[in-house]
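To keep things clear, I will list the structure first and then write my remarks on it.
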Amino acid sequence: MSSTKTNEVGHPALRFPGFDNEWKASTFGDVADYTKGFAFKSADYRRSGVRIIRVSDLAARRIKKDNDNVHIEESRQEEFAKWKIRKNEIVVTTVGSRPDLIESAVGRGIFVDSDDEGLLNQNMLKLESKNGNEPRFIFSQINTPRYTDYVSQIKRGNANQANITVKDLMAYRIAVSSLPEQRKIADFLTAVDGRIGQLIQKRALLEDYKKGVMQQLFTQAIRFQDDHGNDFPDWEEKKLGEVVEVNPKSTDLPESFIYIDLESVNDGRLHSPRRIAKSDAPSRAQRLLQKGDILYQTVRPYQMNNYRFDLDDVHVASTGYAQLRASSHNAEFVYQSVHFPTFVGAVLDRCTGTSYPAINSKDLAEIKLGVPSIGEQTKIANFLSAIDRKIESVATQVTDTQTFKRGLLQQMFV
């Protein structure tokens, strides 16, 4: 798609009742003033005072609250009043990675909900609406597919370190409606964003609850009893290689299969699997999977992109994963155990390498974990997997609502 095409504007396919006036072709420069961030000196950083907001402090939708913050002395805040981030302004990054990598994307925008965020550092802009335009309406045209396409075309540099110029950004063409319609659209999209935010918070609370429960279960602070109310036997400490078969020997690979590489799994989910012929398979395609197998990422294991294999089609995984087969133990219990912080910490302690820290399968098999009886394994597995299903359900709602919003944006903004 050419730059001319992606920066065209037109009339929306979807409108609220009562509005039929023509939309006016405009640009960011017509509807907003900008201020470039200030190049604060690291020598002026302090542990407390007025916070400096850096590019690294921006998440996909908000300014992070739990980042490693830097500040300047509070007595100097008037000196930098021009760069104070204020409510209803829009912060846009001018450096970053490619635009589709949302967390670190160049050109991504954040809407400011508070006057107390801090001061704007270099490599960012803040946009302030002008001529009576509704700031949330302006923001609703940022981070859209058409906007992302435009940023992809104006960016300079490579995928890991791209930048955009202020001139090009402010030339981005948008369509502007009447102020009442702007407000109507902004209110509606704000309500949708509110729903997305609630769901994201609900998922985070469930994840925190699960972490707390796992801490209690795997330290045996709380124990299950059998169906007759009796205590289960004491746990044993075993090496992972005594609990599962690590990288079981595979027979010859089938003539075609779905290949799982290190890019295929994210957040415990299999994404965009692709079928390949055996003749086209890379040499790393060696792990022929059975239902119930666990893939444990051995390259950059801190990413925890592990996977429970429960599909019936023929899949083969990369040697970037260790294949764990729990023939005589509960596979779900093992999957939960290898995500317990004590086990993860032991994995990271054994990693070698700097750019791509990794653990070999032999060292992984030597790491110890607590192992209860099969009956207690089953109860723990059932309890934790039930929480996982709730988390997955909320995650699906988040995805569905975000998809719904994207569909709206495509119809409301041409």
Pull out the extension gain between Gln215 and Asp68, defined as 0.36 nm times the separation in residues minus the alpha carbon to alpha carbon distance; nm, one decimal. 50.3 nm
Would you mind checking the pairs Lys202/Lys249; Lys41/Lys211; Lys211/Lys291; Lys130/Lys155; Lys210/Lys238; Lys155/Lys390 and listing those with alpha carbons more than 31 angstrom apart? Lys202/Lys249; Lys41/Lys211; Lys155/Lys390
Note, ³J(HN,Hα) from phi for segment 235-244, Karplus 6.51, -1.76, 1.60, rounded to Hz, x at Gly and Pro: 6, 10, 9, 9, 6, 4, x, 8, 9, 10
Under the rule rounded for a/c under 1.5, else prolate if a/b exceeds b/c, else oblate, using alpha carbon gyration tensor axes a ≥ b ≥ c, segment 180-234 is classed as prolate
When N is the residue count of segment 236-371, what does its C-alpha Rg come to as a fraction of 2.2 N^0.38 Å? 1.01
Positive-end residue of Asn121, Pro254, Phe340, charge dipole of the chain with Cβ unit charges: Asn121
Per DSSP H run of at least 4 residues, take -39500 (n - 2.57); add these up for the chain, divide by its residues and hand me the 222 nm value, nearest 500 deg cm²/dmol. -10000 deg cm²/dmol
Net charge dipole size for segment 236-371 [Lys, Arg +1 and Asp, Glu -1 on Cβ; Debye, nearest 20]: 200
Just rank Thr401, Thr354, Thr190, fewest to most, by other beta-carbon atoms within 10 angstrom. Thr354, Thr190, Thr401
Expressed in nanometres to one decimal, the distance between label points 7 Å along Cα→Cβ at Ser114 and Lys82 is 2.7
Read through the labelled values (i) 36, 26, 20; (ii) 47, 26, 23; (iii) 53, 21, 20 and report the label of the one computed as semi-axes √(5λ) of the Cα gyration tensor in Å from the structure. (ii)
For a Förster distance of 60 Å, can you work out the FRET efficiency between the beta-carbons of Glu237 and Lys130, rounded to the nearest 0.05? 0.35
Low-density loop cleavage sites - GluC sites (Glu not before Pro) in segment 360-414, where at most 14 other Cβ are within 10 Å (DSSP): none
Using the crude model of +1 on Lys and Arg Cβ and -1 on Asp and Glu Cβ, and no other charge, please compute the dipole size for the chain relative to its Cα centre, in debye to 20. 1140
Shape call, segment 65-204: gyration tensor on alpha carbons, a/c limit 1.5: rounded
Using a Gaussian network model of the chain whose springs link C-alpha atoms within less than 10 Å, name the residue from Gly241, Gly268, Gly229 with the highest mean-square fluctuation. Gly229
Under a 5 Å amide H to amide H cut-off, with H placed in plane at 1.01 Å, what residues pair with Arg46 once short-range neighbours are removed? His71, Ile72
Between Arg350 and Asn21, take the C-beta separation as r, use R0 = 56 Å, and let me know the FRET efficiency to the nearest 0.05. 0.25
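Bear in mind that the values in this text are calculations on the coordinates, not laboratory data. Predicted, not measured: the structure shown is a model, and the values here were computed from it. A quick note on method: Cβ atoms are made from the backbone with ideal geometry, for glycine too, and the neighbour counts reach across all protein chains shown.
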